[in-house]
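Reading through the structure tokens given below for one structure.
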Amino acid sequence: MPKHIIRLLALILGVVVVAIIAPQFLTVDSFYRFGHYRANSVPEIAALEPVLQTPAYCKDCHTERHAQWSAGSHKSVICEVCHGAALGHPQNGKLPIPKDTAKLCTLCHEAMTGRPRTQPQIQVAQHSGGQQCTVCHNPHSPKIAAAVAKVAGNAAAGKQKSADCAACHGEAGISPNDTWPNLAGQNAAYLARILAAYKSGDQKDVAMTPLAQALGNADIQNLATYYAGLSCKGAAGEKAAGNLAAGKVLAKNCAACHGETGIASNPAWPKLAAQKQGYLANALKAFKAGLRKDPMMAGVSRGLSDTDIADLAAFYAAQSCQSTK
Amino acid sequence: MKKEDSKPTLEARRGFLAKLAGAATCAGAAVGAAALGGIPTVSAKTEAPPDGASFPTKDYDWTKHQWGFGVDATKCIGCLRCVEACKTENDVPRNAHQFRTWVERYVHIEGEEEVHIDSQQDPVNINASGSEKEFRFANRYKDAKVDKAFFVPKLCNHCTHPNCVQVCPTGATYRTKDGVVLIDKTYCIGCRYCVQACPYGARYLDEERGVADKCTWCYHRITKGLQPACVEVCPVGARVFGDQKDKQSPISLFIRNNRVQVLRPDTGNAPNVFYVGIDKEVI
């Protein structure tokens, strides 16, 4: 055989040998174990560490918050939606507490075309006047469940009992003095709640505390029913000193609970329309100073200046107490 | 001149060939010796694991599951927390054009034939969120006369016959035995063939890493008994996930109790994301 043919065959043999041996070194070991891919990449991907940890991870330390959250209407929104992923927490420090809740909450709750009706939605411009949502709502259990006290009293019995109150609150519940509130036409549930608070000591007042302590539970029901049934006509539309226009702008922050003109949407909250200006201003100052205790009012009144309070009081005092409905 | 020049070249070639042959012989001998000697080599590792061992992890056997995903578009509120969670969970680049999951909004306006479609990457929506790194739908239709509007979450369909897998030239993407289409990022060469092939636009090229990327149904979570991140955070239950082999799993119930559709059934891809409450424009 000619030499060059032998060389050629040797070369071909060499190539064949390399072609057989090289894949042993060049192909990744797990390739083709299950198919045309590297099987080891599956456990590699499966071994990545989860970043979101789920509420079960938060529960052990934040027990109280977790309990509150899981009992509330936000239980479908897990912790990490608002606080960020918990991987590395607590070792690497605290998780953020969202500051701009007006932006965060409206991601889900801004009234928007396309959102299903079952989703609770707000008209942002009319709802809170740009306040943070957390002023009124507890983000862990956001539903404002103002306990509506059941009032089933006897108005006639209430009228008899009201003789004790008439000196300050007026015979027909229209107070003769600017610093004492009108009671006529006020929401019964609110009256009953506030009287009970004076009685129990949750709320204190030099004049009201001893009087309320002398009342029985039935008396409270009767009084509340009686005053709620009275006409507030005599109180209507008081002319007041103060900047009504400024008060109206501020009152937008209160509208969600107290109604746009001070006629509360929920009977657990008081009507403010045509209330005494001095009383309103004092009440707001008391909330601000923490003398009257209410978590929601404390939050709302914290940012109000004395001028704001005067303007708000003037605005509500000037409204008609009768619902326009 | 020619001859003088070619002489050293010829010698060099001979030398090279001789060395190559020598190297090949040595390598062959080494492999042969190793195989004969029973020393564990490359080939030994490819054998099936001992009985009882599960794959891919010791607590998770992929032959026992067949994952599926459900989307109830009638529940979606367009809050985009799923998109946010996905970006965080999977380290998806924080920009407005790369997403493993996204949400589309379909709006029919009175008297208009064309349906308006936008997603979180629309400039108007980026403007509303204030940054490319945050996601929010702008309330852009609040003054329009809207006939009908709804949101539709989208993601990789983890098709039974995925054409992205078919076109991959390197075997870097594949379908697992439990029904998840994954990407082997060490084998991906970033050719974008799969990005082009996907009829759902579910893949993108991660320019930073030079590899294709897409939804994995959070394979690292589901193999540990967790839900995918997007399902975990959805506040309204618009996303449903589970094992189709378990007849009581959320996805099995979802498919059984609803009339479900898949996107673009005509492509023959046989998707495994099932939709409720979508219009013909979506499909």
All but one of (1) crowded, with 19+ Cβ neighbours inside 10 Å; (2) facing chain A (nearest Cβ under 8 Å); (3) modelled with pLDDT of 95 or more hold for B:Thr74; state the number of the condition that does not hold. (1)
Which residue is nearest to B:Thr186 (Cα to Cα), if the candidates are limited to segment A:7-19 and must be at the interface with another protein chain (Cβ under 8 Å from one of its Cβ atoms) and loosely packed, with under 15 Cβ neighbours inside 10 Å? A:Leu11
Determine whether segment A:273-284 contains at least one residue that is more than 18 Å from A:Gln322 (Cα to Cα) and under 21 Å from the mean Cα position of the chain (by Cα). yes
Filter result (more than 8 Å from every other protein chain (Cβ to nearest Cβ) and of a type in the set (Ser, Thr, Tyr)) within segment A:89-117: A:Thr101, A:Thr106
Where the second residue is β-branched (Val, Ile, Thr) and buried (at least 17 other Cβ atoms within 10 Å of the Cβ) and the first is closer than 14 Å to B:Val146 by Cα and lies in segment A:107-124, which pairs have Cβ atoms under 6 Å and are six or more apart or on separate chains? A:Arg115/B:Ile77
Looking at segment A:215-263, which of its residues are at pLDDT 85 or above, over 23 Å from A:Ser305 (Cβ atoms) and charged (D, E, K, R)? A:Asp219
So the check is Cβ under 9 Å with 6+ separation or different chains; which pairs have a first residue in segment A:84-98 that's within 14 Å of A:Glu49 (Cβ to Cβ) and of a type in the set (Phe, Trp, Tyr) and a second one that's modelled with pLDDT of 95 or more and surrounded by 12 or more Cβ atoms within 10 Å (Cβ to Cβ)? none
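Looking at A:Lys276, A:Lys233, A:Lys271, can you tell me which residue is surrounded by fewer than 22 Cβ atoms within 10 Å (Cβ to Cβ) and of a type in the set (Lys, Arg)? Outline the logic, then answer.
Working: A:Lys276 fails: surrounded by fewer than 22 Cβ atoms within 10 Å (Cβ to Cβ); A:Lys271 fails: surrounded by fewer than 22 Cβ atoms within 10 Å (Cβ to Cβ).
After ruling out the rest, the residue left standing is A:Lys233.
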I'd like to know if segment A:169-182 contains one or more residues that are within 14 Å of chain B (Cβ to nearest Cβ) and within 31 Å of the chain's Cα centre (by Cα). no
So which residues in segment B:141-167 are in contact with a strand residue (DSSP E or B) (Cβ under 8 Å, 6 or more places away or on another chain) and farther than 23 Å from B:Tyr275 by Cβ? B:Ala144, B:Lys145
Quick one: in segment A:41-67, which of the residues that are among the polar types (S, T, N, Q) and surrounded by 17 or more Cβ atoms within 10 Å (Cβ to Cβ) is farthest from the other protein chains (Cβ to nearest Cβ)? A:Gln53
Test: residue in segment A:126-140 that is within 13 Å of chain B (Cβ to nearest Cβ) and not in a loop (DSSP other than H, G, I, E, B): yes
Quick check on my filter: what residues within segment B:130-166 are crowded, with 17+ Cβ neighbours inside 10 Å and either of a type in the set (Gly, Ala, Ser) or outside the structural domain of B:Val236 (by TED's automatic domain parsing) (or both)? B:Ala138, B:Ala149
Within segment A:301-325, track down each residue that is farther than 19 Å from A:Asn182 by Cα and surrounded by fewer than 21 Cβ atoms within 10 Å (Cβ to Cβ). A:Arg302, A:Gly303, A:Leu304, A:Ser305, A:Asp306, A:Thr307, A:Asp308, A:Thr324, A:Lys325
Name the strands (runs of 3 or more DSSP E) wholly within segment B:201-267 that hold at least 1 residues that are within 14 Å of chain A (Cβ to nearest Cβ) and within 20 Å of B:Ser119 (Cα to Cα)? B:211-213, B:239-243
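Need at least 2 residues that are in contact with a helix residue (DSSP H, G or I) (Cβ under 9 Å, 6 or more places away or on another chain) and under 22 Å from B:Gly237 (Cβ atoms) per element, so show me which strands (runs of 3 or more DSSP E) inside segment B:68-185 make the cut, counting only ones lying wholly within it.
Working: elements: B:101-109, B:116-119, B:146-155, B:173-175, B:181-183.
Of the strands (runs of 3 or more DSSP E) lying wholly inside segment B:68-185, those with at least 2 residues that are in contact with a helix residue (DSSP H, G or I) (Cβ under 9 Å, 6 or more places away or on another chain) and under 22 Å from B:Gly237 (Cβ atoms) span B:101-109, B:146-155.
Under the condition of being on the phi > 0 side of the Ramachandran plot and within 12 Å of chain A (Cβ to nearest Cβ), which residue from segment B:77-129 is surrounded by the most Cβ atoms within 10 Å (Cβ to Cβ)? Step through it out loud before you land on a result.
Of segment B:77-129, the ones on the phi > 0 side of the Ramachandran plot are B:78, B:80, B:91, B:111.
Now drop any that are not within 12 Å of chain A (Cβ to nearest Cβ), which leaves B:78, B:80, B:91.
Numbers: B:Gly78: 29, B:Leu80: 25, B:Asp91: 12.
Here the answer is B:Gly78.
Mind checking which residues of segment B:243-283 are on the phi > 0 side of the Ramachandran plot and either hydrophobic (A, V, I, L, M, F, W, C) or buried (at least 18 other Cβ atoms within 10 Å of the Cβ) (or both)?
Step one: list which residues in segment B:243-283 are on the phi > 0 side of the Ramachandran plot, which gives B:264, B:268, B:270, B:277.
Selection gives B:Ala270, B:Gly277.
The values are calculated or read from the model by the stated rules, or taken from the named source; none is laboratory data. Just so we're clear, the structure is a prediction, and the values are computed from it rather than from any experiment. Note: ideal-geometry Cβ built from the backbone for every residue, glycine included; neighbour counts use all protein chains shown.
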